[in-house]
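Q: Have a look at the structure that comes next, please.
The values are calculated or read from the model by the stated rules, or taken from the named source; none is laboratory data. Predicted, not measured: the structure shown is a model, and the values here were computed from it. Here the Cβ is made from the backbone with ideal geometry for all residues, glycine too, and neighbour counts use every protein chain on show. Each accessible area value is taken on the protein alone, full model and side chains, heavy atoms only, with ligands, DNA and RNA left out. Shrake-Rupley method; radii C 1.70, N 1.55, O 1.52, S 1.80 Å.
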Protein chains: 2
Amino acid sequence: MPPEIRAIGIEGIPEVRDGDDVAALIMTAARGQGTAIETGDVLVVTQKIVSKAEGRVISIESVEASPLAIAITEGHRRDPRHTELILRESRRIVRMDRGVIISETYHGFHCANAGIDASNIPGEGTVALLPVDSDASARRIRQAVKEESGATVGVIISDTFGRPWRNGATDVAIGVAGLEPMLSYVGQEDTHGNMMYTTVICVADELAAMAELVGGKVANVPVAVIKGYPFEPSETATHDSLLRDPDKDLFR
Amino acid sequence: MPPEIRAIGIEGIPEVRDGDDVAALIMTAARGQGTAIETGDVLVVTQKIVSKAEGRVISIESVEASPLAIAITEGHRRDPRHTELILRESRRIVRMDRGVIISETYHGFHCANAGIDASNIPGEGTVALLPVDSDASARRIRQAVKEESGATVGVIISDTFGRPWRNGATDVAIGVAGLEPMLSYVGQEDTHGNMMYTTVICVADELAAMAELVGGKVANVPVAVIKGYPFEPSETATHDSLLRDPDKDLFR
């Protein structure tokens, strides 16, 4: 059999509310469409439904904009109270221009507007923040799947990030559980006996990207089950290994 | 039926040599493993076999290192003649440190060492350069598949690039044919009626990433066929739309 990997979108997940059990909603929807969740699968769960379940959807009515937030937003579409939330979720501002803020979140992610946006949220003036601890979110989902179905899966929490140099955004991993996010070929030989000195692949980001292709932004498919990818199990994986040490980051 | 996308690795492609017909090798290997190549499929072809077929594998014996190349490489593992090739393939040096050069290639790609490496190449002292025109490479493969099989496919030439801020590398698209590499949601409404103002997804990079998961670096699976992804056909697509305008690149 040739190698094959499949991504199956999970449809029929209802609008997620604060306090919902995301894992239960995923498993019910998967059953409803006849998709088995099995040991060795990777569940890629988009950040938005996790944030909703964890009460990270905020009404900007409850926020007071600082003078800085007001100044930054001047003349732009965004509400200054939304900008205030972006500043509060950031630990470092990389650049700000034309109302867009590129910052480093307190998790260590570099992205636009601290990962805060208003898409796929019901109601005016509400925005979703990133989960407080997206690895813990992934671990909770993984544990609940294990308890309910007996399946040992990998879980990735994904979000859509832009990047330098290349147009458009791609989905990347912001939280992981049960799988090693990086695959290192260092010290291995290729088929021609050449030593691979430096190749490390961020498979977690590639799995998140694959899931985005089957999910999409308007189709209401917030979860994908990936089957056939032989990931390296890990009980201790976190998103920290996804973050490049600034001192070693020649790309920065 | 729930949405499903599959990536099937093509095995049994022989060592590619200068002048080989890559499309013919791919189709023969696909037939050999019982994988049909059909209209609507996306063929993701790794850069290395394309470079080999196009005579872009170079013996560094034939290269004379400049004083700059010698100075840069001083005390590092790489041969200064290899460094010389990196400088020749670059139009802008972003950063150089510890023997690694981050540069912008003349295609406009930002990557380490101008995309030149020695992995998966037979012979000592040989390196592979990126294809001269990777969109033309993709178009040639697409045309040959059409003529031989009648199938209208999308073709992506992929390579493995590092990136700022995040550890590890992922496969991205460096050449495209027959498919629109970017998917824009601008002006569309999400399921809650929120207008999506800015979301543009680089699906070509996500397809390349998906293919990497089934290919890998040491498994000799240099091509993947992706089935089930409803890409937007384009007869005029090029990698140019993948490159962020420096004046608009807040991430840079």
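Q: Would you mind telling me which numbered condition in (1) farther than 30 Å from B:Pro230 by Cα; (2) in contact (Cβ under 8 Å) with a residue 40 or more places away in the chain; (3) part of a loop (DSSP other than H, G, I, E, B); (4) not aromatic (Phe, Trp, Tyr) B:Ile58 fails?
A: That leaves (3) as the condition not met.
Q: Related question: Scan segment A:51-78 for residues that are in contact with a Gly (Cβ under 8 Å, 6 or more places away or on another chain) and buried (at least 19 other Cβ atoms within 10 Å of the Cβ) and report the count.
A: The qualifying residues number 5.
Q: With respect to the numbered conditions (1) within 17 Å of the chain's Cα centre (by Cα); (2) assigned by TED's automatic domain parsing to the domain that holds B:Ile49; (3) over 30 Å from A:Asp245 (Cβ atoms), which one is the sole condition not fulfilled by B:Gln143?
A: (1)
Q: Would you be able to say whether some residue in segment A:153-172 is among the hydroxyl-bearing types (Ser, Thr, Tyr), within 27 Å of A:Ile60 (Cα to Cα) and assigned to a helix (DSSP H, G or I)?
A: Scanning segment A:153-172, I find no residue that is among the hydroxyl-bearing types (Ser, Thr, Tyr), within 27 Å of A:Ile60 (Cα to Cα) and assigned to a helix (DSSP H, G or I), so the answer is no.
Q: Moving on. Looking only at segment B:162-206, filter to residues that are under 20 Å from A:Ala204 (Cβ atoms) and touching a Gly at 6+ places or on another chain (Cβ under 7 Å); which one of those is nearest to the other protein chains (Cβ to nearest Cβ)?
A: Applying the filter and picking the extreme gives B:Cys202.
Q: Within segment B:61-78, how many residues are at pLDDT below 95, farther than 30 Å from B:Ala138 by Cβ and not in a loop (DSSP other than H, G, I, E, B)?
A: Within segment B:61-78, the subset at pLDDT below 95 is B:61-62, B:68-78.
Next, from what is left, pick out any that are farther than 30 Å from B:Ala138 by Cβ: B:61, B:68-77.
Within this subset, residues satisfying the condition of being not in a loop (DSSP other than H, G, I, E, B) are B:61, B:68-73.
Going through segment B:61-78 one residue at a time, the tally reaches 7.
Q: Return the residues of segment A:4-15 that are buried (at least 20 other Cβ atoms within 10 Å of the Cβ) and in a loop (DSSP other than H, G, I, E, B); say none if nothing qualifies.
A: Kept after step one, since they are buried (at least 20 other Cβ atoms within 10 Å of the Cβ), are these residues of segment A:4-15: A:5-10, A:13.
Listed by number, the list holds a single entry, A:Ile13.
Q: Which ones in segment A:216-236 are among the small types (Gly, Ala, Ser) and open to solvent by less than 10 Å² (accessible area, probe 1.4 Å)?
A: We begin by selecting, within segment A:216-236, every residue among the small types (Gly, Ala, Ser); these are A:216, A:219, A:224, A:228, A:234.
Listed by number, the list holds a single entry, A:Ala224.
Q: Which strands (runs of 3 or more DSSP E) does segment A:176-241 wholly contain that include 2 or more residues that are within 19 Å of A:Gly9 (Cα to Cα) and within 18 Å of the chain's Cα centre (by Cα)? Lay out the reasoning, then the answer.
A: Values: elements: A:182-184, A:200-202, A:223-227.
By residue number, A:223-227.
Q: Shifting gears a bit: Among the residues of segment A:23-47, write down those that are under 30 Å from A:Arg88 (Cβ atoms) and surrounded by fewer than 23 Cβ atoms within 10 Å (Cβ to Cβ).
A: Correct list: A:Leu25 only.
Q: Does A:Glu89 satisfy the condition of being touching a strand residue (DSSP E or B) at 6+ places or on another chain (Cβ under 8 Å), at pLDDT 95 or above and either outside the structural domain of A:Glu147 (by TED's automatic domain parsing) or of a type in the set (Phe, Trp, Tyr) (or both)?
A: On the way: touching a strand residue (DSSP E or B) at 6+ places or on another chain (Cβ under 8 Å): yes; at pLDDT 95 or above: yes; either outside the structural domain of A:Glu147 (by TED's automatic domain parsing) or of a type in the set (Phe, Trp, Tyr) (or both): yes.
Yes; evaluated as a whole, the condition is true for this residue.
Q: Quickly run through segment B:79-106 and pick out the residues that are away from every other protein chain (no Cβ under 12 Å), part of a loop (DSSP other than H, G, I, E, B) and open to solvent by less than 60 Å² (accessible area, probe 1.4 Å).
A: Let us first name the residues in segment B:79-106 that are away from every other protein chain (no Cβ under 12 Å), namely B:79-91, B:106.
Then drop every residue that is not part of a loop (DSSP other than H, G, I, E, B), which leaves B:79, B:89, B:106.
Residues satisfying the conditions are B:Asp79, B:Glu89.
Q: Suppose we filter segment A:176-210 for residues that are closer than 24 Å to A:Ile156 by Cα, among the hydrophobic types (A, V, I, L, M, F, W, C) and open to solvent by less than 10 Å² (accessible area, probe 1.4 Å); how many remain?
A: 11
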